[in-house]
Amino acid sequence: MPRWSLGIVLLLGACATSPARTARHGAGHPPGGPDTSSRAAESADTSLHATADGQTDDLEACDHEGEDDPDDEVDDTSEQASAGGARAQPPVSPLAALTDADIERMVREDPASLGSLSLGATNAGRLFNGVQMPEGEGWSHISPAFAWGTQETVDYLVRAIRATRRKHPDSPPLYLGHISAKHGGPLSPHVSHQAGRDVDISYYLTPQKPGFHRATAQNLDRERSWAFVRALITETDVEMILIDSGVQRLLREYALASGEDPAWIDQVFQYGSRSPRPIIRHARGHANHLHIRFFSPIAQASAARAHRFLAKQGVVQPAVKYIRHVVKNGQTLGILAKRYGVTVEAIQRANNLKGTFIKAKRILNIPRPGAAAEPPALRPPVIPARRLPPEQSASSAPARRPSAGG
Ligand SMILES: [Zn+2]
């Protein structure tokens, strides 16, 4: 039985520089509420990314730009749903038609049959029955050990890359960074990437180089990068894409010049438009890679159906509460363990640290003992209709969803 925990993981201090603000966020999310904190946390998504040559790009460690009121998430979904003029489609989990007894038996006897489950928030969640992104033509792994997602995340990522390569068969590989750890949960240095729905991946550059490298007007392959982003928006259930404003400007200019519908472009880009809820949003640290968040509708809906049975049968460990700590010069794991009253091993586990060396400015998740033990009640997600360009929405054929099966 895989060991994992469903977090009521309150990130008390998503950014150490503004404890009051993050504490307010923490207080605003009672266990069981909808995932209202993902955007706030996403803006703090750090970008200490290992490149293929072993170097790290320490960009912005913390960014509150775009941080919204925690209650915004509900409005978000309804606005997105109406923006496309279509009603949101409730995702149908294969578990929906099963009885409680059926699900209890599956948890006990054949947990793999539940399919991928994205449990909880992207900044405080877990992944159950995750799928590792395979090797494949068109992409290259940077850290395959942390490239686990829901079945839908993997399927949709592959689909968007393949769509790009159908259009441009001679494309170089994209470089794939973190998705999630095998069972989700905290994945240093990110705040999100916890529930199998977040993906970090390179842009197409000319020439393409292994790892993540800053995209500029000189090296950004606009044609392929836009084809990829376009496929994500039109062919997958994408929740948002984080792209630095400077890169957005280049892609937007290219998209318009290549004949895309200006009103649609306004809807999807944050840069240069007034869309209240663009899909492509700016967050610092995303000039050298883009961050994709998928809805994974089935994995979320199945998680909402199954999680209490997982908890009941002890598959769910007591929740762990984390705080974020920015390492200062001279601090060691031993000093931090003593200060927070936890073990060195617990800090290592929470941050996927193999050794004891920690660099100054690194952000660590510090587990706090004694957090609430009740698993939160998960609600089925509300998935807005895809925002398609006019010629595609006219035909309005609903895109086929991937199966939820393993
Ligand atoms: Zn990311």
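The values are calculated or read from the model by the stated rules, or taken from the named source; none is laboratory data. These numbers come from a predicted model, not from an experiment. Using ideal geometry, Cβ is built from the backbone for each residue, glycine included, and neighbour counts are taken over all protein chains shown.
Inspect segment 266-274 for any residue being surrounded by 20 or more Cβ atoms within 10 Å (Cβ to Cβ), β-branched (Val, Ile, Thr), more than 16 Å from the chain's Cα centre (by Cα) and away from the ligand (no atom under 16 Å from the Cβ) and give the result as yes or no.
Yes.
Quick one: would you say residue 397 is part of a loop (DSSP other than H, G, I, E, B) and modelled with pLDDT of 50 or more?
Values: part of a loop (DSSP other than H, G, I, E, B): yes; modelled with pLDDT of 50 or more: no.
The answer is no for residue 397.
Can you report the number of residues in segment 165-177 which are more than 16 Å from the ligand (Cβ to nearest atom) and either part of a strand (DSSP E or B) or buried (at least 24 other Cβ atoms within 10 Å of the Cβ) (or both)? Break it down stepwise before answering.
So the first thing to find is which residues in segment 165-177 are more than 16 Å from the ligand (Cβ to nearest atom), and the list is 165-173.
Then drop every residue that is not either part of a strand (DSSP E or B) or buried (at least 24 other Cβ atoms within 10 Å of the Cβ) (or both), which leaves none.
Within segment 165-177, residues that are more than 16 Å from the ligand (Cβ to nearest atom) and either part of a strand (DSSP E or B) or buried (at least 24 other Cβ atoms within 10 Å of the Cβ) (or both) number 0.
Can you name every residue in segment 178-210 that is away from the ligand (no atom under 12 Å from the Cβ) and on the phi > 0 side of the Ramachandran plot?
184, 185, 196 - these are the residues of segment 178-210 that are away from the ligand (no atom under 12 Å from the Cβ) and on the phi > 0 side of the Ramachandran plot.
Any residue that is more than 14 Å from the ligand (Cβ to nearest atom), without any contact (Cβ under 8 Å) to a residue 24 or more places away in the chain and either within 16 Å of residue 200 (Cα to Cα) or not in a helix (DSSP H, G or I) (or both) - is there at least one of those in segment 279-288?
Of all residues in segment 279-288, those more than 14 Å from the ligand (Cβ to nearest atom) come to 279-280.
So of that shortlist, the ones also without any contact (Cβ under 8 Å) to a residue 24 or more places away in the chain come out as none.
No, the conditions are met nowhere in segment 279-288.
Quick one: is residue 228 at pLDDT 95 or above, part of a loop (DSSP other than H, G, I, E, B), within 20 Å of the chain's Cα centre (by Cα) and buried (at least 23 other Cβ atoms within 10 Å of the Cβ)? Can you show your working first?
Values: at pLDDT 95 or above: yes; part of a loop (DSSP other than H, G, I, E, B): no; within 20 Å of the chain's Cα centre (by Cα): yes; buried (at least 23 other Cβ atoms within 10 Å of the Cβ): yes.
Here the answer is no, as residue 228 does not meet what is asked.
Hey, could you check segment 118-135 for residues that are among the small types (Gly, Ala, Ser) and at pLDDT below 95 and say which is surrounded by the most Cβ atoms within 10 Å (Cβ to Cβ)? If you could, list the steps in order and put the result at the bottom.
Here is the first cut: in segment 118-135, the residues among the small types (Gly, Ala, Ser) are 118, 120-121, 124-125, 130.
Now restrict to residues that are at pLDDT below 95: 118, 120-121, 124-125.
Working: 118: 34, 120: 27, 121: 27, 124: 31, 125: 29.
Taking the candidates together, the pick is 118.
Mind checking whether some residue in segment 116-134 is away from the ligand (no atom under 16 Å from the Cβ) and closer than 19 Å to residue 228 by Cβ?
Within segment 116-134, one or more residues are away from the ligand (no atom under 16 Å from the Cβ) and closer than 19 Å to residue 228 by Cβ.
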